[in-house]
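J.: There's a structure below that I have some questions on.
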Amino acid sequence: MKRLAAIILLAATASVQADSGLVRSSGVEGPWRITIMTDPTPLRQGPIDISVMVQTLDGGVPVLDAVVEFTLLHQDSGTTLNASATRSQADNRLLYAAKFVLPAPASWNVSTNISTDAASETMAWSFTAADPVPPFSAAWPWLLPVPAALLLYGVNRRLHSGRTADAP
């Protein structure tokens with residue numbers, strides 16, 4: 001019974017995600033270290049989140065007064081998406097985040113523009129978005145509790161029926 005509980009616990013925690021997703025790019029541009037993260041992993045057609053951490057080179061202090069803008073360019077169709085990243089959209093207030101809805105899978109080129117009163121820099125990077133998740137794949141975690149509850153009920157009934165048969 002303890003093993004079954006451990007299996008259920010592990011299955012439930014398999015979908016837990018990190019704070020800001022997968023690190024896609026990190027490097028030094030001008031006076032800053034810039035780290036770019038995306039969520040979900042893998043990126044797919046549909047909603048995505050892009051987060052940026054901007055830090056000073058001396059001491060790694062987060063820069064909290066920057067203007068961050070993204071330009072996404074779909075390599076095949078030429079579709080362009082633009083958005084400003086803000087700290088209010090981020091789960092972690094040390095980051096800047098922007099939300100997008102990718103209209104198509106395939107390769108995207110991204111230009112991340114960061115500016116403050118003191119400096120302005122651009123970091124270029126790219127990613128490949130996969131096809132959207134099939135509907136059942138997205139829904140199966142919501143369907144799992146019903147068979148799990150039926151299985152636990154059946155195990156419970158079987159254990160109790162063995163005890164009552166042995167009683168005088």
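J.: Quick check on the stretch 36-47. Is at least one of its residues modelled with pLDDT under 95, touching a Ser or Thr at 6+ places or on another chain (Cβ under 6 Å) and over 27 Å from PRO145 (Cα atoms)?
T.: Among the residues of the stretch 36-47, not one is modelled with pLDDT under 95, touching a Ser or Thr at 6+ places or on another chain (Cβ under 6 Å) and over 27 Å from PRO145 (Cα atoms), which makes the answer no.
J.: Still on this model: Hey, does the stretch 79-87 have a residue that's over 19 Å from the mean Cα position of the chain (by Cα), farther than 21 Å from PRO47 by Cβ and loosely packed, with under 13 Cβ neighbours inside 10 Å?
T.: no
J.: Does at least one position in the stretch 57-67 carry a residue that is closer than 16 Å to TRP125 by Cα, among the hydrophobic types (A, V, I, L, M, F, W, C) and either at pLDDT below 95 or buried (at least 19 other Cβ atoms within 10 Å of the Cβ) (or both)?
T.: Of all residues in the stretch 57-67, those closer than 16 Å to TRP125 by Cα come to none.
No: zero hits.
J.: Looking only at the stretch 90-143, count how many residues are over 27 Å from THR79 (Cα atoms) and in contact with a strand residue (DSSP E or B) (Cβ under 8 Å, 6 or more places away or on another chain).
T.: 5
J.: Kindly indicate which of SER51, SER15, SER25 is small (Gly, Ala, Ser), at pLDDT 90 or above and surrounded by fewer than 18 Cβ atoms within 10 Å (Cβ to Cβ).
T.: On the way: SER51 fails: surrounded by fewer than 18 Cβ atoms within 10 Å (Cβ to Cβ); SER15 fails: at pLDDT 90 or above.
Answer to the selection: SER25.
J.: Find the residue count for the stretch 115-149, including only residues that are more than 19 Å from the chain's Cα centre (by Cα), farther than 19 Å from THR80 by Cβ and at pLDDT 90 or above.
T.: So the count comes out to 7.
J.: Out of the stretch 97-116, which residues are surrounded by fewer than 17 Cβ atoms within 10 Å (Cβ to Cβ) and free of Cβ contacts under 8 Å to residues at least 40 places away in the same chain?
T.: Once the filter is applied, which keeps residues that are surrounded by fewer than 17 Cβ atoms within 10 Å (Cβ to Cβ) and free of Cβ contacts under 8 Å to residues at least 40 places away in the same chain, the stretch 97-116 yields ALA106, SER107, ASN109.
The values are calculated or read from the model by the stated rules, or taken from the named source; none is laboratory data. Being a predicted model, the structure only gives us computed values, none of them experimental. Neighbour counts are summed over all protein chains in view; Cβ atoms, including those assigned to glycine, are modelled from backbone coordinates with ideal geometry.
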